[in-house]
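Asker: Below is a structure I'd like to ask you about.
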Amino acid sequence: MRVILQNRDQKALKSRDSWVSGQSAAQTFSSGVDAYDYCVGNKLRDMDIVLTFHSPDYNCRVPVRDRVSH
């Protein structure tokens with residue numbers, strides 16, 4: 001399983017230094033909590049934490065709520 005971040009509006013995925021369109025180039029986070037903390041620490045809005053598996057049938061999205069601005 002991989003944990004990645006995706007912008008909900010633009011569908012771009014977070015890589016180490018930029019935004020990319022392909023999952024293979026997306027930054028992998030060690031857990032959903034680490035991905036959430038990254039969003040909070042960088043004040044990223046309209047984001048989904050995406051859990052990806054070998055079969056896309058099992059992929060799931062967890063929305064990061066906009067309340068991360070604190």
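Asker: Find all pairs meeting these conditions: Cβ atoms under 8 angstrom apart; at least six residues apart or on different chains; first residue within region 1-13 and without any contact (Cβ under 8 Å) to a residue 12 or more places away in the chain and of a type outside the set (Val, Ile, Thr); second residue open to solvent by 20 Å² or more (accessible area, probe 1.4 Å) and outside any strand (DSSP E or B).
Answerer: Sorted first by the residue in region 1-13, then by its partner, the pairs are 11/21; 12/21.
Asker: Kindly provide the set of residues from region 23-38 that are under 12 Å from residue 62 (Cβ atoms) and among the small types (Gly, Ala, Ser), ordered by number.
Answerer: 31, 32, 35
Asker: Name the residues in region 21-58 that are out of contact with any helix residue (DSSP H, G or I) (no Cβ under 9 Å at 6 or more places or on another chain), within 15 Å of residue 8 (Cβ to Cβ) and of a type outside the set (Gly, Ala, Ser), would you?
Answerer: 48
The values are calculated or read from the model by the stated rules, or taken from the named source; none is laboratory data. Bear in mind that the values here come from a model prediction, so they are computed numbers and not experimental data. Neighbour counts run over all protein chains shown; Cβ positions are idealised from the backbone, glycine included. What goes into the accessible areas is simple: the full protein's heavy atoms, side chains included, and nothing from ligands, DNA or RNA. Shrake-Rupley method; radii C 1.70, N 1.55, O 1.52, S 1.80 Å.
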